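> Here's a structure for you.
The values are calculated or read from the model by the stated rules, or taken from the named source; none is laboratory data. Predicted model, so just to flag it, every value in this text is computed and none were measured. Cβ placement follows ideal geometry from the backbone for every residue including glycine, while neighbour counts extend to all protein chains displayed. Ligands, DNA and RNA are excluded from the accessible area calculation, which covers all protein heavy atoms including side chains. Shrake-Rupley method; radii C 1.70, N 1.55, O 1.52, S 1.80 Å.
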Amino acid sequence: MVAAILLSPSPPSHSRSIFPSKPFSKTLLLSRIPFKLFLSPTTSTSSKFPSSAAVGNQKEERIFFDGGSHYGDLVTNLLLGFTLIWLPLTIAAVSRAFFLRYRITNRRVTVISGFTGQDRSDFPYSAIKDVQAVPRLIGEWGDIVVTLKDGTKVDIRGMPRFRMVADYCLLMAEVATKSSLESKSGFGPRGF
């Protein structure tokens, strides 16, 4: 029996670093298990946009996109700015990069501009008539032209993820017009 103990291989030296000297406590293990706070029903289909029922029931304003123009717009215009012909467009791209911010929420579209950010124009989705997306360069960024019901055209230039933002604006405009028609005509769901 003594020979068996002496002939057995010694444990590797790195095994001490793999296995801790103290046993794990149950509270430590439970604290590392991730929990989902917001669960969606299993019958809903997964989509990158929220459903129209979920959008209409939201009380708080949630931000879909908040940021400025795409960095590729600035870099491309800076590289082309070495030519004298492209210089005015380069100045416009630099001013867009530093002084223009877009905020797309579930209630409205906001364009914040100016040196101090005091010039702000925002409009609700119920005022949107049409949304067009125009790609720039190789489609990395693009411009979004929003036509309002009063005929005003709002140009959102150099928007990253412009196709997704344009689709979201169209979806939200359809939801807003549908909910306004239901409230005017009385065909919506009624309570007691």
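> In square angstrom, rounded to the nearest 10, how much accessible surface does residue 180 have for a 1.4 Å probe?
40 Å²
> What does the C-alpha gyration tensor say about the overall shape of segment 136-182? Classify as rounded when a/c is under 1.5, otherwise prolate if a/b is larger than b/c, or oblate.
On the way: a/c = 4.84, a/b = 1.83, b/c = 2.65.
It comes out oblate by the Cα gyration axes.
> Mind listing which trypsin sites (Lys or Arg not before Pro) in segment 86-177 are in a DSSP loop and have 13 or fewer other Cβ atoms within 10 Å? Don't skip to the end; give the middle numbers.
Working: sites: 96, 101, 103, 107, 108, 120, 129, 136, 149, 153, 157, 161, 163; in loops: 107, 149, 161.
Filter output for segment 86-177: 149.
> Can you send over the solvent-accessible area of residue 109, 1.4 Å probe, protein chains only, in Å² to the nearest 10?
0 Å²
> Another question about this same structure. In terms of modelled amide H atoms, which long-range or inter-chain residues lie less than 5 Å from the amide H of residue 136?
Excluding prolines and chain starts, which carry no amide H, the hits are 141, 142, 143.
> With θ set to phi - 60° and the Karplus curve 6.51 cos²θ - 1.76 cosθ + 1.60, what are the ³J(HN,Hα) couplings of segment 114-130 in order, to the nearest whole Hz, using x for Gly and Pro?
x, 5, 9, x, 7, 7, 9, 10, 9, 9, x, 5, 5, 8, 7, 9, 8
> Something else about it: Could you pull out every residue, at least 5 positions away or on a different chain, whose amide H is within less than 5 Å of the one on residue 108? Hs are placed 1.01 Å off N in the peptide plane, and Pro or chain starts have none.
So residue 108 has HN proximity to no qualifying residue.
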